[in-house]
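Written below as C-alpha cells is the structure these notes are about.
No value in this document is a laboratory result; all are computed from the given coordinates. Please read all numbers here as calculations on a predicted model, not as lab measurements. Heads up, the Cβs are rebuilt from the backbone with ideal geometry, glycines too, and the neighbour counts pull from every protein chain shown.
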Amino acid sequence: MKVTVLVFGNLADIVRQPLLVIDDILDTDALIDYLQSEYPDLQNHRYVVSLNKKIIQQNTIIHDGDELALLPPFSGG
C-alpha cells in the first residue's frame, strides 16, 4: 500500500522535499510516528494532517492511494 504525503511551508524545508511516497502505513497516528522518527525536527513544529483534502482531528485509517498533507499553521483574511 502506498500513500502520497504533500508537505507545505517550513515543514517541506525540514523533510527537504514537498512530496513523499510512503509504503505500509495503516493509520494517521502511525504516519506521524514514522515521520517524526525519520525527521525529528518535525516534533518541534505545529502542524495538522489532512486526508484527501479534509483536516482530521483523530487517528484515521489510511487506504491505498490516499493523499495526505502536512499543513503548518496558517491564517487568512
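Tell me what the chain gives for mean residue ellipticity at 222 nm when only DSSP H runs of n ≥ 4 count, each as -39,500 (n - 2.57), the sum divided by the residue total, rounded to 500 deg cm²/dmol. Walk me through the intermediate numbers first.
Details: 2 runs with 17 residues, N = 77.
-6000 deg cm²/dmol, from helical runs alone.
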Please compute the contact order of the chain in relative form: average sequence separation of alpha-carbon pairs under 8 Å and at least six residues apart, divided by the residue count, as a percent. 43 percent
To the nearest 20 debye, what is the magnitude of the charge dipole of segment 2-71 about its Cα centre, counting +1 on the Cβ of each Lys and Arg and -1 on the Cβ of each Asp and Glu? 320 debye
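Ranked highest first by the average count of other Cβ atoms within 10 Å around their residues, in what order do 45-57, 1-13 fall? Show your work: numbers first, answer last.
Numbers: 45-57: 12.8, 1-13: 15.8.
Ranking, from highest mean packing down: 1-13, 45-57.
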How large is ³J(HN,Hα) for each residue in segment 26-33, as worked out from phi by the Karplus curve 6.51 cos²θ - 1.76 cosθ + 1.60 (θ = phi - 60°), to whole Hz, x for Gly and Pro? 8, 8, 5, 5, 5, 4, 4, 4
